[in-house]
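Colleague: My questions will all concern the structure given below.
The values are calculated or read from the model by the stated rules, or taken from the named source; none is laboratory data. Since the model is a prediction, treat every value here as computed from it, not as a measurement. With ideal geometry, Cβ positions are generated from the backbone for all residues, glycine too; neighbour counts draw on all protein chains shown. In case anyone asks, the SASA skips ligands and DNA or RNA and just uses the protein heavy atoms, side chains included. Shrake-Rupley method; radii C 1.70, N 1.55, O 1.52, S 1.80 Å.
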Amino acid sequence: VQLQASGGGLVQPGGSLRLSCLAFGSIFGFNVMGWYRQAPGKQRELVATITSGGTTNYADSVKGRFTISTDNAKNTVDLQMNSLKPEDTAVYYCNKNYFARGNYWGQGTQVTVLQ
């Protein structure tokens with residue numbers, strides 16, 4: 001399984017960006033797709049996840065502003081980010097976790113929200 005992320009960029013506070021992650025290949029069974037981020041000098045942290053059954057989970061810091069969604073037919077997971085804040089600045093990584101069957105990461109995509 002390979003993941004390809006896109007959609008990062010530079011945006012003013014209050015602006016919006018949409019990240020997309022395309023998965024090449026798949027493994028049958030339950031999985032969790034998600035987005036994580038890592039700001040300079042900080043550990044990677046969960047942003048949002050969605051299970052193969054459609055259950056979503058969000059970090060408290062992004063609840064009400066970010067929305068995660070999947071298109072199973074296209075094998076993609078998107079992250080719509082609204083009302084962006086400077087503290088959202090980070091490299092964002094997509095992830096697809098099959099647990100014992102494998103855990104896969106895409107390359108990062110930079111999101112910069114101007115001060």
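Colleague: Of the numbered conditions (1) over 14 Å from the mean Cα position of the chain (by Cα); (2) closer than 20 Å to Tyr104 by Cα; (3) surrounded by 15 or more Cβ atoms within 10 Å (Cβ to Cβ), Ile50 satisfies every one except a single condition; which is it?
Modeller: With (1) over 14 Å from the mean Cα position of the chain (by Cα); (2) closer than 20 Å to Tyr104 by Cα; (3) surrounded by 15 or more Cβ atoms within 10 Å (Cβ to Cβ) applied to Ile50, the lone miss is (1).
Colleague: Here is a follow-up. Got a sec? Which of Thr76, Thr112, Thr56 is at pLDDT 95 or above, of a type in the set (S, T, N, Q), within 24 Å of Gly15 (Cα to Cα) and within 14 Å of the chain's Cα centre (by Cα)?
Modeller: Exactly one residue qualifies, and that residue is Thr56.
Colleague: Which condition breaks for Gln4 when tested against (1) closer than 21 Å to Leu114 by Cα; (2) open to solvent by 50 Å² or more (accessible area, probe 1.4 Å); (3) among the polar types (S, T, N, Q)?
Modeller: Of the numbered conditions (1) closer than 21 Å to Leu114 by Cα; (2) open to solvent by 50 Å² or more (accessible area, probe 1.4 Å); (3) among the polar types (S, T, N, Q), the odd one out for Gln4 is (1).
Colleague: I'm trying to understand the selection: among the residues of segment 62-73, which are within 14 Å of the chain's Cα centre (by Cα) and either more than 19 Å from Val1 (Cβ to Cβ) or at pLDDT 95 or above (or both)?
Modeller: Val62, Lys63, Arg65, Phe66, Thr67, Ile68, Ser69
Colleague: Test Leu84 against the criterion of being modelled with pLDDT of 95 or more, touching a Leu at 6+ places or on another chain (Cβ under 7 Å) and part of a loop (DSSP other than H, G, I, E, B), and give yes or no.
Modeller: For Leu84, the condition - modelled with pLDDT of 95 or more, touching a Leu at 6+ places or on another chain (Cβ under 7 Å) and part of a loop (DSSP other than H, G, I, E, B) - is met.
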